[in-house]
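Below is one structure, written out as structure tokens, with a few remarks after it.
A short reminder: the numbers here are calculations on the coordinates, not readings from a lab. What you are looking at is a predicted structure, and each value in this text was computed from that prediction instead of being measured. Glycine gets a Cβ as well: all are built from the backbone with ideal geometry, and neighbour counts include every protein chain shown.
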């Protein structure tokens, strides 16, 4: 269901976005924001997402900041219009800045930080990142939108901008006076978020605003969407009276807790259990299974073999690794046990979920 507003446009369409993941969702979000010129001027504003990606060298998953590149337009941006940086490397630049006594806005010290982003580039991406990069890097949320809405500019450019921000938004928006975008203001916003964890965004004096969130409708796609489709399919299968199979996509991230992808990992863990519930509900006519693409060692064209093996080792799926080294196939029943559901008896598991025992 799409929301209706009186004074602003709501161009997001669930039926379009639910087909997308990762970078494609970031592009979609950016384009929809850019379509409304009351939100930002042509070529202005930038959006970002912190996503888990395979390291080109090691195959291990790393957190990458994808941010609209310098000079690009949100309305027409494509995948190649976004810069990509290793997030841990950019954050590791903090001591270099903070330990310099001559640091500050518009100082040579701050100016020297921008070229350092070249040493943080992920996957040799040639797209130059924005000067606003620190406004995204140091915000401890997965998705950040920096825009220049007309309505917010009316407040941010007024004489009483700080007072009006407080009166209108209460504690949901932080206020920061005008300062040139750069490392210094990024760290300032990071500090203010720690002091005001309830804040959903910041009004930037004489500039615009930024907003943030961890959940880019991730649960709606990975859990709710999967349930609705499976439930509707089950109705058809029952009417036909014919045996059928449903296969959902889960992820190895569902069984490992880590920083940087809370919403995604939790949604995939929920999807794992959804598969089990559906398998019990729909048996014996329908068999419900799941596959985690990043754990398929042999025959996959989605992920390089070395990356998959590195991923399995990272997640400590030792039984699978030992079996693979010995030349055998990965035991799906053992893989299922690795998810931590040992309380299920083997015979019950086989009867209820069939090859769904391969969920990881």
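Tabulated results
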| read-out | value |
| --- | --- |
| Binned Cα-Cα distances of region 103-207, short to long, each 5 Å bin given as a whole percent | 2, 11, 20, 22, 19, 13, 7, 3, 1, 0 |
| Zero-based 10 Å bins, Cα pair distances in region 133-257, whole percents | 11, 31, 20, 14, 13, 8, 2, 0 |
| Theoretical gain in end-to-end length, residue 124 to residue 53 [0.36 nm per residue, Cα-Cα removed] | 24.2 nm |
| Kirkwood Rh and Cα Rg combined as Rg over Rh, evaluated for region 1-132 | 1.04 |
| Cα centroid separation, region 72-91 to region 144-200 (Å) | 23 Å |
| Theoretical gain in end-to-end length, residue 15 to residue 160 [0.36 nm per residue, Cα-Cα removed] | 48.0 nm |
| Sites residue 179 and residue 36 - FRET efficiency at Förster radius 35 Å, r taken between beta-carbons, to 0.05 | 0.85 |
| Percent breakdown of C-alpha pair distances by 5 Å bin, ordered from the shortest bin, for region 14-213 | 1, 8, 15, 19, 20, 17, 12, 5, 2, 1, 0 |
| Segment residue 98-residue 232, extension gain: residue separation times 0.36 nm, minus the distance between their alpha carbons | 42.7 nm |
